[in-house]
There are 2 protein chains.
Amino acid sequence: MSDNFFGEPDAAGPKRKRGLGVVTAYSTLKREILELKIPPGSLIDEVKLTERFGMSRTPIREALVKLASDGLVVTLPNRSTVVAPIDFFELPQFFDALTLMYRVTTRLAAANRTDEEIAAIRALQAEYAVAVAAKDVSAMIEVNRDFHAEIARAGKNRYYCDLFERLLDEGRRLLRLYYSSFNYELPRIYLDEHEEIVAAIEAQDVDRADRVAEAHADQIVRQIQAYVVTDRRINTGLPLRGNARPSGAASKER
Amino acid sequence: MSDNFFGEPDAAGPKRKRGLGVVTAYSTLKREILELKIPPGSLIDEVKLTERFGMSRTPIREALVKLASDGLVVTLPNRSTVVAPIDFFELPQFFDALTLMYRVTTRLAAANRTDEEIAAIRALQAEYAVAVAAKDVSAMIEVNRDFHAEIARAGKNRYYCDLFERLLDEGRRLLRLYYSSFNYELPRIYLDEHEEIVAAIEAQDVDRADRVAEAHADQIVRQIQAYVVTDRRINTGLPLRGNARPSGAASKER
DNA sequence: TGTATATTTACTGTCGACAAAGAATGTTTT
DNA sequence: AAAACATTCTTTGTCGACAGTAAATATACA
């Protein structure tokens, strides 16, 4: 909703409902980190957030602790906390886990779905189609995440849901990194693959769900890999600019 | 180390090193929750912890936020926080995820292990053998967890490690629940299975690692299931005592 | 001028206190 | 006596302030 990061205070309300402080700071910061409004590697200044949200440092800190548990920020002891950098050397691990979770959650959804859940999944698939038609990349990224998260929820395994949502969120950051170089051909492929996934889940065909989910995961992994390679060629010339590592964004203070 | 829960203060030191407050409270409470020294469903009193650890409420609260992120405590808004109850209805989900993580981490370990990691794993296996010989159930539970966590670490996938450790910890609580009805025949079976797992990892045989890991997981799942069924027959007579649900322990204040 | 040391600065970790929300208790009314 | 209401009490969420730590800056020394 709010576009400001270093801008004017969010919570103009004179008094917030007791207990909403942490939730507000947490959800707002989480959204902004995942949407790259706060770039990876940024220093997080507690006092600035204090002024921005109009609350004390205590709820801000508790929100940061939660974000640290989610892996979205990293806390240096007695030093500032920074937004978790995107580590390209961890990408293979990420792809492996993402693919496995795609498969497992889709399998479970095929096994355990109810009719209501199929309806909810279909609704999100329709939303995704709208985003593709409108070429709204941002909406595509968000709805795609919600689509798969809904499938996972239909699988009804809390442990898989938690890990999968974490992976999907990390994927959101990656996709947004390559926002500009987005290929408008792929979303249509995804649309078809989504359709197959929904069909397999509706038919309660576990093996088929597994296959199409894996194919879909491969597709997405290849897309991101292509982006990374492309980006490396264009921007990340190590010897040309003296950067040691293409891991996190540099600080920008001073 | 410390056996007290409502006992004397832990941190008798006049001044703690700056920054250790949260870590102390977090790790201590986590250990006590996992060892069932603080039973599931217990109310957590912040002020009592304040007195016990000799620190302010702020670090205590931050520790509780972390524990909540780990799923070890549940926070009721504007109400007290309680130690996460053990939900028997979620057991099938737990077993499913646990089995998958056993397989995946062992596979990855077989693929990515170094010689040093094999040595570390073997050392823990030896420790386990000692615990079995001594019939030290508590040590068996702890070392078994460390053994598999070390294997996962050799697999070098952060996402799997995090989820697996969470599952292993939850398993610790379950096993301790049935501490008394422990069957001394099983640990020897586990010992042999561990041996096979280590051999497969050392031989870098991924498929074999997968098979033995799955067999081991099945064994453990069956053990816990047997315990649960047994326990239900003995203790959990719903209509006999008027309890609504066998989920969490009742409060004991007042 | 370059290096080592002292000082300042900025920010974090912690503390004690206050106020709101809910639970427990007491009171009034029918 | 039971129910509705008011009051007290306990506990949480939040606040402002202080002290310690590490970086940044200034100073001394070779």
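The values are calculated or read from the model by the stated rules, or taken from the named source; none is laboratory data. Just so it is clear, the structure is predicted and the values come from calculations on it, not from any experiment. Cβ coordinates were reconstructed from backbone atoms using ideal geometry, including for glycine residues, and neighbour counts include every protein chain displayed. Just the protein is used for accessible areas: all its heavy atoms, side chains included, with ligands, DNA and RNA removed. Shrake-Rupley method; radii C 1.70, N 1.55, O 1.52, S 1.80 Å.
Based only on the alpha carbon positions, what is the Kirkwood hydrodynamic radius of segment B:88-234, in angstrom?
Working: mean 1/r = 0.0657 Å⁻¹.
Answer for segment B:88-234: a Kirkwood hydrodynamic radius of 15.2 Å.
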Review point. Can you list, shortest first in nanometers, how far B:Glu46 lies from the same residue in the other copies, with each label 7 Å from Cα toward Cβ?
Key: 1.6
Point to revise | Probe 1.4 Å, all protein chains present, accessible-area order of A:Lys66, B:Lys17, largest first | key: B:Lys17, A:Lys66
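I'd like the interface area for chains B and A: accessible area of each alone minus the complex, both sides summed, 1.4 Å probe, protein heavy atoms only. What is it in Å² to the nearest 100? Provide the component values of the computation, followed by the final result.
Working: alone 14120 and 14080 Å², together 25730 Å².
That pair of chains buries around 2500 Å² in total.
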Review point. Shortest first and in nm to one decimal, what separations exist between B:Ser181 and its copies in the other chains, measuring from label points 7 Å along the Cα-to-beta-carbon line?
Key: 5.9
Review point. Cβ under 14 Å from B:Leu191's Cβ, B:Leu191 left aside: what net charge do those residues give with Lys, Arg +1 and Asp, Glu -1?
Key: -4
Exercise for review: Find every distance from the label point of B:Ala133 to the corresponding label point in the other copies (7 Å from Cα along Cα→Cβ) and write them in nm, one decimal, shortest first.
Suggested key: 7.3
Review point. If ligands, DNA and RNA are left out, what is the accessible area of A:Arg103 with a 1.4 Å probe, given in Å² to the nearest 10?
Key: 70 Å²
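Let me check something: with ligands and nucleic acids excluded, how do A:Arg113, B:Arg158 order by accessible area (1.4 Å probe), largest to smallest? Walk me through the numbers before you get to the answer.
Working: A:Arg113 40, B:Arg158 90 Å².
Ranking A:Arg113, B:Arg158 by accessible area, largest first, yields B:Arg158, A:Arg113.
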Point to revise | Per DSSP, loop GluC sites (Glu not before Pro) in segment A:114-191 with at most 12 further Cβ within 10 Å | key: A:Glu185
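How large is Rg/Rh for segment B:6-129, to two decimals, with Cα atoms and a Kirkwood Rh? Before the final figure, lay out each step's value.
Numbers: Rg = 18.7 Å, Rh = 17.3 Å.
Looking at segment B:6-129, the ratio lands at 1.08.
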Practice item. Using a 1.4 Å probe and ignoring any ligands, DNA or RNA, find the accessible area of A:Ser42 and quote it in Å² to the nearest 10. Key: 10 Å²
Check your understanding: Roughly how many nanometres apart are two label points built 7 Å out from the Cα toward the Cβ at B:Arg57 and A:Arg31?
Key -> 3.0 nm
Check your understanding: Which chain B residue comes nearest the axis with its C-beta when you rotate B onto A, and by how many angstrom?
Key -> B:Ser69, 2
Point to revise | With DNA, RNA and ligands ignored, accessible area of B:Lys135 (1.4 Å probe; Å², nearest 10) | key: 120 Å²
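Beyond 18 Å, what share of the Cα-Cα pairs of segment A:20-83 remains, rounded to the nearest whole percent?
Working: 480 of 2016 pairs.
For segment A:20-83, the fraction of Cα-Cα distances above 18 Å is 24 percent.
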